[in-house]
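Peer 1: So that we are looking at the same thing, I have put the structure below in structure tokens.
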Amino acid sequence: MNETTLPPGSPNPTPGVSCSPAIPDGILAVIFDFDGTLADTTVNQEQSLRTALQPYGLGLDTDWFHRHFGLSIHDLLAALPGARQLPHDEIIRRSRAHLLAHMHAIAPIACSVALLHAAREARLPCAVASAASRILVHPGIEALGLSPQFEAVVTREDAARGKPAPDLFLEAARRIGIPPERCLAVEDAPDGIASALAAGMHVLRVIDGHLTPTCASAADTAGLPSGASAPMPRGCALEQAAALSGPPWAPAPPAADSDR
């Protein structure tokens, strides 16, 4: 399959250079994360949390937030110095209200959207597997005008365990009827990459607006096994495991509405 091209009107982060690799011929579906992958939501989420913390006199350091971006808001508040004794439910309510009020301002990540359009032109089913709550993910997809492109949208409420467990990606693959090992996952965060790898998927990582295979060698992802039950290429899993700290995934308690 040819390299992806940007949709009309989308900025190319590096003019004259393809921002994403080709989709391997053996791939039958593409599954995207949302925050940081399809949409650049970092600024909006930081400002929303900062606004929610202001009534309690607690600031939010930008460097700290960027180091922890990708965690659910519950985990952020649990880790944030000085926030332990604050009313987390009220802060989350305020943060989400701000996010929803400013959802129209989120920007697409051009290379991911280009890959999405290339996959759809190739008649590949696409899905979203996000660790965020459905009350934020669905409006975000709508704000980007991408709702018609997805056959399934899986959010934190749809699985017993969030990322880095494989549940969200496995549920997305189940809903579109494609074996996980024939799916290409697109992610930006280490927990999400670990989740997709644990699900047995091939993975592209969003880095500085570009999509990069998680393997060191292009040969590791150039071809896919012909058997539906064949394991993921070992080189990909080993390299990514070395890059990520901790186990591939850890059990997490069910949470009906617990993330961003």
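Peer 1: Got a sec? Which of L100, L60 is open to solvent by 60 Å² or more (accessible area, probe 1.4 Å) and hydrophobic (A, V, I, L, M, F, W, C)? Show your work before the answer.
Peer 2: Details: L60 fails: open to solvent by 60 Å² or more (accessible area, probe 1.4 Å).
Only one candidate qualifies: L100.
Peer 1: Report yes if I92 is under 27 Å from D167 (Cβ atoms), free of Cβ contacts under 8 Å to residues at least 60 places away in the same chain and surrounded by 15 or more Cβ atoms within 10 Å (Cβ to Cβ), otherwise no. Talk me through it step by step, then tell me what you get.
Peer 2: Values: under 27 Å from D167 (Cβ atoms): yes; free of Cβ contacts under 8 Å to residues at least 60 places away in the same chain: yes; surrounded by 15 or more Cβ atoms within 10 Å (Cβ to Cβ): yes.
Yes: the conditions hold for I92.
Peer 1: Return a yes/no flag: does segment 21-43 have any residue that is in contact with a His (Cβ under 8 Å, 6 or more places away or on another chain), open to solvent by 10 Å² or more (accessible area, probe 1.4 Å), touching a residue at least 40 places away in the same chain (Cβ under 8 Å) and under 27 Å from A143 (Cα atoms).
Peer 2: Our first condition is that a residue be in contact with a His (Cβ under 8 Å, 6 or more places away or on another chain); within segment 21-43, this holds for 24, 27, 42.
Okay, now just the ones that are also open to solvent by 10 Å² or more (accessible area, probe 1.4 Å), so 24, 42.
With the extra rule that they be touching a residue at least 40 places away in the same chain (Cβ under 8 Å), the set shrinks to 24.
Right, trim to under 27 Å from A143 (Cα atoms) and you get none.
Checked segment 21-43: no residue is in contact with a His (Cβ under 8 Å, 6 or more places away or on another chain), open to solvent by 10 Å² or more (accessible area, probe 1.4 Å), touching a residue at least 40 places away in the same chain (Cβ under 8 Å) and under 27 Å from A143 (Cα atoms).
Peer 1: So which of P180, P190, P247 is modelled with pLDDT of 90 or more and not β-branched (V, I, T)? Break it down into steps so the answer makes sense when it comes.
Peer 2: Details: P190 fails: modelled with pLDDT of 90 or more; P247 fails: modelled with pLDDT of 90 or more.
One residue alone meets the criteria, P180.
Peer 1: Oh, and also: Going residue by residue through segment 3-10, is there one that turns out to be hydroxyl-bearing (S, T, Y), surrounded by fewer than 20 Cβ atoms within 10 Å (Cβ to Cβ) and at pLDDT 90 or above? Write out each step before concluding.
Peer 2: Of segment 3-10, the ones hydroxyl-bearing (S, T, Y) are 4-5, 10.
Going one step further and asking which of them are surrounded by fewer than 20 Cβ atoms within 10 Å (Cβ to Cβ), we end up with 5, 10.
Now restrict to residues that are at pLDDT 90 or above: none.
No, every residue in segment 3-10 fails to be hydroxyl-bearing (S, T, Y), surrounded by fewer than 20 Cβ atoms within 10 Å (Cβ to Cβ) and at pLDDT 90 or above.
Peer 1: Across segment 131-146, what is the total count of residues that are of a type outside the set (A, V, I, L, M) and closer than 14 Å to I31 by Cα?
Peer 2: Keep residues of segment 131-146 that are of a type outside the set (A, V, I, L, M), which gives 133-134, 138-140, 142, 145.
This time we only want the ones that are closer than 14 Å to I31 by Cα, so: none.
So the answer is 0.
Peer 1: A further question follows. Can you pull out the residues in segment 155-166 that are open to solvent by 30 Å² or more (accessible area, probe 1.4 Å) and either in a helix (DSSP H, G or I) or modelled with pLDDT of 95 or more (or both)?
Peer 2: Listed by number, the residues that qualify are E157, D158.
Peer 1: What are the residue pairs meeting all of these: first residue in segment 170-187, first residue over 11 Å from I27 (Cβ atoms), second residue of a type in the set (D, E), Cβ atoms under 6 Å, and 6 or more apart or on different chains?
Peer 2: These pairs meet every condition: E171/D158; I176/E151; E187/D33.
Peer 1: Further, regarding this structure: Looking only at segment 63-89, filter to residues that are in contact with an Asp or Glu (Cβ under 8 Å, 6 or more places away or on another chain) and small (G, A, S); which one of those is least open to solvent (accessible area, probe 1.4 Å)?
Peer 2: Among those residues, the one meeting the criterion is S72.
Peer 1: Considering only segment 95-141, state which residues are touching a residue at least 12 places away in the same chain (Cβ under 8 Å) and among the charged types (D, E, K, R).
Peer 2: Across segment 95-141, the qualifying residues are R96, R120, R134.
The values are calculated or read from the model by the stated rules, or taken from the named source; none is laboratory data. What you see is a predicted model, and the numbers here were worked out from it, not measured in a lab. Quick reminder, even Gly has a Cβ in these numbers, built from the backbone with ideal geometry, and neighbours come from all protein chains shown. For the accessible areas, the whole protein counts, side chains as well, though only heavy atoms, and no ligand, DNA or RNA atoms are used. Shrake-Rupley method; radii C 1.70, N 1.55, O 1.52, S 1.80 Å.
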